[in-house]
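Since every read-out is calculated from the coordinates, none of them should be taken as a lab result. Source: prediction; values computed, not measured. Cβ sites come from the backbone with ideal geometry, for glycine too, and all protein chains shown count toward neighbours.
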Amino acid sequence: MDFDEARSVFCQPRTGTVVDPPVGSGAARRLRDAVEPLAMVTVWSDPAAEQSGAAGLDFLGGYVGGRASALGDVEGSVVAAAFAVFEPGLVGGLWDQARAACSVTDLRAMRERAGTAALRTVLADVGEAEIDTVVEALRVALDPADVIGRPLYAGLSALPWPRDAHGRLWHATTLLREHRGDSHVAACVAAGLDGIEANVLTELWVGFELLEYTSTRGWSPEAMDTALTRLRARGLLDGDALSAEGRRLRDRVEAATDRAQQPVVDALGDDVDRLVDALGGWSGAVVARGWFPPDPYKRAAG
């Protein structure tokens with residue numbers, strides 16, 4: 001899949017009735033939603049396409065190679081375990097493709113260049129001093145954050161901070177995203193969910209139709225059908241919708257994810273609302289530029 005194809009599929013406004021995802025208004029979740037487009041600008045932006053293309057990678061190869069490079073030179077199964085909700089063979093094959101094209105060091109540098117260039121373009125009217133004020137607050141809160149059980153966050157946190165202000169903003173928001181993402185995977189595993197099941201509960205929870213989002217993660221029709229059978233047997237699905245118990249379980253997963261991020265929120269203290277406002281405004285500029293999908297369900301699902 002090339003970048004133009006990916007963006008033609010995902011970067012279109014949602015049509016029809018759109019209901020706000022039931023994500024809650026807690027500080028941890030608001031912070032997560034505020035940083036998502038900033039962190040993922042290395043997936044959807046023109047600089048990301050340019051960096052990946054120069055390395056001989058397509059959209060998916062650039063995404064998996066760039067994001068997984070934080071883990072180091074590992075086996076594809078390790079990448080699949082960390083990514084969790086993608087079909088393991090797909091992720092492993094894309095990682096092998098990326099590693100055949102580039103060293104881990106090159107993949108990391110490619111991703112940092114893309115994030116830096118994209119945010120420098122989008123936030124051209126924002127002063128570096130203002131950016132650094134936000135970054136420093138996030139850095140102080142994230143530096144002591146626990147890495148246990150958080151492989152992507154641990155790998156990313158071991159890397160040096162970029163020298164450029166826009167690169168530091170990208171790095172800080174990516175650290176926050178991966179800290180929450182790793183925590184969310186742990187919460188799903190603790191709830192007895194595998195990758196497909198976690199995908200299905202999330203897509204229905206945020207507002208997607210059944211398998212609308214899960215089917216974009218490389219799973220076969222047979223694997224998805226089997227997962228639906230398991231979820232119905234557990235009483236988590238009622239036909240093609242979440243059952244009351246399924247919604248309660250997904251709510252518990254979300255609450256556990258928020259609790260795992262609470263130390264970061266506590267460290268930010270009274271800065272949380274200010275940071276959410278600043279980061280959310282900058283993310284809005286990324287979406288307006290067309291460098292992150294405008295679909296609120298996609299933003300809520302990750």
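Look through Val147, Val189 and report the one residue that is over 20 Å from Val91 (Cα atoms), surrounded by fewer than 20 Cβ atoms within 10 Å (Cβ to Cβ) and out of contact with any strand residue (DSSP E or B) (no Cβ under 8 Å at 6 or more places or on another chain). If you could, list the steps in order and put the result at the bottom.
Values: Val189 fails: over 20 Å from Val91 (Cα atoms).
Just one listed residue meets the conditions, Val147.
Going by what's in this entry, would Ala100 be described as buried (at least 19 other Cβ atoms within 10 Å of the Cβ), part of a helix (DSSP H, G or I) and of a type outside the set (Phe, Trp, Tyr)?
Values: buried (at least 19 other Cβ atoms within 10 Å of the Cβ): no; part of a helix (DSSP H, G or I): yes; of a type outside the set (Phe, Trp, Tyr): yes.
The answer is no for Ala100.
Please give the number of the condition Val276 fails out of (1) under 19 Å from the mean Cα position of the chain (by Cα); (2) more than 12 Å from Ala28 (Cβ to Cβ); (3) in a helix (DSSP H, G or I).
Every listed condition holds for Val276 apart from (2).
A quick yes/no check of all residues on (1) under 19 Å from Val23 (Cβ atoms); (2) part of a loop (DSSP other than H, G, I, E, B):
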position: Glu197; (1), (2): no, no
position: Phe208; (1), (2): yes, yes
position: Leu211; (1), (2): no, yes
position: Thr216; (1), (2): no, no
position: Trp219; (1), (2): no, yes
position: Thr226; (1), (2): no, no
position: Thr229; (1), (2): no, no
position: Arg232; (1), (2): no, no
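Just the residues that are in contact (Cβ under 8 Å) with a residue 24 or more places away in the chain and part of a helix (DSSP H, G or I), please, taken from the stretch 285-302.
Kept after step one, since they are in contact (Cβ under 8 Å) with a residue 24 or more places away in the chain, are these residues of the stretch 285-302: 285-287, 289-302.
Passing the criteria: Ala285, Val286, Val287, Arg289, Pro296, Tyr297, Lys298, Arg299, Ala300, Ala301.
Report the residue count in the stretch 135-175 for those that are in a helix (DSSP H, G or I), in contact (Cβ under 8 Å) with a residue 12 or more places away in the chain, over 19 Å from Arg113 (Cα atoms) and more than 20 Å from the chain's Cα centre (by Cα).
The qualifying residues number 2.
For Met110, work out the one condition from (1) outside any helix (DSSP H, G or I); (2) more than 28 Å from Ser215 (Cα to Cα) it doesn't fulfil.
Of everything listed in (1) outside any helix (DSSP H, G or I); (2) more than 28 Å from Ser215 (Cα to Cα), Met110 misses just condition (1).
This table checks each residue for (1) more than 23 Å from Asp266 (Cβ to Cβ); (2) of a type outside the set (A, V, I, L, M).
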| residue | (1), (2) |
| --- | --- |
| Gly115 | yes, yes |
| Leu123 | yes, no |
| Leu156 | no, no |
| Gly167 | yes, yes |
| Ile196 | yes, no |
| Trp205 | yes, yes |
| Phe208 | yes, yes |
| Leu211 | yes, no |
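State which residue is surrounded by the fewest Cβ atoms within 10 Å (Cβ to Cβ) when the search covers only the stretch 208-233 and only residues that are among the acidic types (Asp, Glu) and over 21 Å from Lys298 (Cα atoms).
First, pick out the residues of the stretch 208-233 that are among the acidic types (Asp, Glu): 209, 212, 222, 225.
Restricting the remaining residues to those that are over 21 Å from Lys298 (Cα atoms) gives 222, 225.
On the way: Glu222: 8, Asp225: 12.
The residue in question is Glu222.
Of everything in the stretch 48-70, what is in contact with a Pro (Cβ under 9 Å, 6 or more places away or on another chain) and among the acidic types (Asp, Glu)? Give them in sequence order.
Taking the stretch 48-70 and keeping what is in contact with a Pro (Cβ under 9 Å, 6 or more places away or on another chain), we get 70.
Correct list: empty.
Hey, can you tell me all the residues within the stretch 7-64 that are in a loop (DSSP other than H, G, I, E, B) and free of Cβ contacts under 8 Å to residues at least 60 places away in the same chain?
Quick first cut of the stretch 7-64, residues in a loop (DSSP other than H, G, I, E, B) only: 11-26, 40, 45, 55-58.
Passing the criteria: Thr15, Gly16, Thr17, Ser25, Ala55, Gly56, Leu57, Asp58.
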